Every structure is written in C-alpha cells, then in structure tokens.
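Colleague: Structure provided below as structure tokens; questions to follow.
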Amino acid sequence: MNYLAKLEYNGHAYKGFQRLPNAPSVQGELERALSELNGEPSKIKAAGRTDAGVHALGQRFNFHREKIEDLEKFRVAFNRLLPNDIHIVSLEEVPDDFDARHSSKKKVYSYRFRWGERDALDSFNIANLGYYKFDADEFKKALSFFVGKHNFQNFTTKPEDVYGFIREIDSIDVDIDSEKHVGKVTFLGDGFMTYQVRLIMGFAFRCARGQEKAEKARDLIEKTPRHIVSFKAPAEGLYLEDVIYG
C-alpha cells in the first residue's frame, strides 16, 4: 500500500531535509522512526528538499508498506517516535503510482522577516534584517518583476537544469506591517530551484534598503552569460507552506 503524509517541522536543528550520513536531517529522523514502526529498514519519498535551517508547514512524503488498519493510531505512534520539532499532521492512503514529488503540480513557499528591533523568542523562525531602512514600495516593485515564466538561471546555484532554468511563478503576495516592522511574502509556482526564493528575496531586500533599483530585476532575469546574484536571504525566514496536487 502507498501512504501520503503531511508534515511540519522547524528546520533550525537540521542540515536540511535530505538524509545525510553524518549530520542531522529531517528525512533521517523520519526514516528512523518509520523503520522502528515497521520493524524493518524503511525509506520515504519527499515532495522536495529544504535547505539547512528552512522550515515547513506543508511538506509531503509518501512511503509503501503493508496495509495500515488504523491510520490515526499509526500517525500518533509515528509522532511519538519523532523529535518535538517534527510533526506528522495527517496521513492518507493514495494510489500505488502516486509519488509525492512527481505527482505535485504547484508549491507554495513563504518568507517571513522583520527589520529594526530583534525578537529573541522568534530568532530562529523569522529572518531579522537589522537596523536598515525599509522601503516597502520599492520592495514590492522589485518582487513584481519575478511573476510569470522566466529564465531564473541567475537566481539559483544549480549548475545545470533539464528545463533550461525556466520556471513559472503564478503569484507573489506581499503583506507588510510597517508599524510592527514585519512582513511575509508568499510565492506560488510550478517549482522552485535551489536557493531560488532566497536569492529573489535577497535582491528585493537590497532594493528595500536602497542598495539596488527595482528595475534591475528585469536585467538580472534576462542577463547572459549567467551571473548568479550574490545576496541570499537568511534560511530561517523560509517556509515550505504547501504542496498542491491535482
């Protein structure tokens, strides 16, 4: 049988989602717990990888095993074997040919940040930009250039890409609270490459600080030969919000 799980985690303590031989990873913890439940070595297939320090509210993974008679009982048992910063939200049976990664149609990422005073209790869950000025209008203008289908070769560190670095971002929603000095940006797209959201956010932050002009985004998207942008936004602000199927 094939099962799909929805997962949330705080990525601060992990070197990313992907299993690593000598470093803590979210996948490593999941497969350790699942193997204990199944009584044999067990592997999972995730909808995608997140980098070290990145969080998730709607990550997905699937796994195969013999029929689970009580899904809720299995989910509770699974969670008891996981660290407190990793939690299985839901579990469902899916068709045998379902694949958490290849069956996905869209992904939703969000980026959360603050500027000015730090919040010590939130230091690993939100990006702190420090005591810079923040021009919200220039910030929003910069992000608007990234909506649509573009060649994002300058906004990823992937050395090669089977699709020629072409991706489509359906929408970028920006929510800024200028009184509280906090913001959230939500990306919906068909897929995001290594560091793509963090590099886009890094450029937008530079525009908000007056270090770049928003219009430069158009040049960077079209620029050849390849020239990867240099400022990458901190990992702790990034969340995999959801994976959309069907």
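Colleague: Using the heavy atoms of the protein chains alone and a 1.4 angstrom probe, what is the accessible area of the chain per residue in square angstrom?
Modeller: Heavy-atom SASA per residue in the chain reads 51 Å².
Colleague: Separation between the Asp175 and Asp96 pseudo-spin-labels, each 7 Å from Cα along Cα→Cβ, expressed in nm?
Modeller: About 4.3 nm, to one decimal.
Colleague: Using DSSP to define loop residues, name the trypsin sites (Lys or Arg not before Pro) in segment 75-151 whose beta-carbon has at most 11 other beta-carbon atoms within 10 Å.
Modeller: In loop regions of segment 75-151 (DSSP not H, G, I, E or B), the sparsely surrounded trypsin sites (Lys or Arg not before Pro) are Lys133.
Colleague: May I pose another question? If exposed means no more than 16 neighbouring beta carbons inside 10 Å and the site is in a DSSP loop, what's the longest run of the chain without any exposed chymotrypsin sites (Phe, Trp or Tyr not before Pro)?
Modeller: With chymotrypsin sites (Phe, Trp or Tyr not before Pro) excluded where exposed in loops, the chain gives 1-97 as its longest stretch.
Colleague: Using helices alone, I'd like the mean residue ellipticity at 222 nm for the chain: each DSSP H run of four-plus residues gives -39500 (n - 2.57), total over residue count, nearest 500.
Modeller: Theoretical 222 nm ellipticity from helices: -6500 deg cm²/dmol.
Colleague: Also, quick follow-up: With Cβ to Cβ distances under 13 Å as the rule, what net charge do the other residues near Gln18 carry (K, R +1; D, E -1)? Each step should come with its number before you reach the end.
Modeller: Values: positive: Lys15, Arg19, Lys43, Lys45, Arg49, Arg101; negative: Glu29, Glu31, Asp51.
It works out to a net charge of +3.
Colleague: For the pair Glu66/Ile166, report the inter-label distance in nm, with labels modelled 7 Å from Cα in the Cβ direction.
Modeller: Going from the Glu66 label point to the Ile166 one covers 4.8 nm.
Colleague: Efficiency by 1/(1 + (r/R0)^6): what FRET value for Thr224 and Lys105, r their Cβ-Cβ distance, R0 = 25 Å, to the nearest 0.05?
Modeller: Efficiency, from the Cβ-Cβ distance: 0.25.
Colleague: If you roll a 1.4 Å probe over segment 61-193 with all protein chains in place, what percent of the accessible area is carbon or sulfur?
Modeller: After summing per-atom areas, the C and S share lands at 47 percent.
Colleague: Between (1) 7, 30, 32, 21, 9, 2; (2) 7, 32, 37, 18, 5, 1, 0, 0; (3) 6, 20, 31, 28, 12, 3, 0, which entry matches P(r) over Cα pairs in 10 Å bins from 0, in percent as derived from the coordinates of this structure?
Modeller: So the calculated entry is the one marked (1).
Colleague: Take the eigenvalues of the Cα gyration tensor for segment 110-246, scale each by 5, and report the square roots as semi-axes in whole Å, largest first.
Modeller: 24, 17, 13
The values are calculated or read from the model by the stated rules, or taken from the named source; none is laboratory data. Given the structure is predicted, the values throughout are model-derived calculations rather than measurements. Neighbour counts run over all protein chains shown; Cβ positions are idealised from the backbone, glycine included. All accessible areas refer to the heavy atoms of the entire protein, side chains included, with ligands and DNA or RNA removed. Shrake-Rupley method; radii C 1.70, N 1.55, O 1.52, S 1.80 Å.
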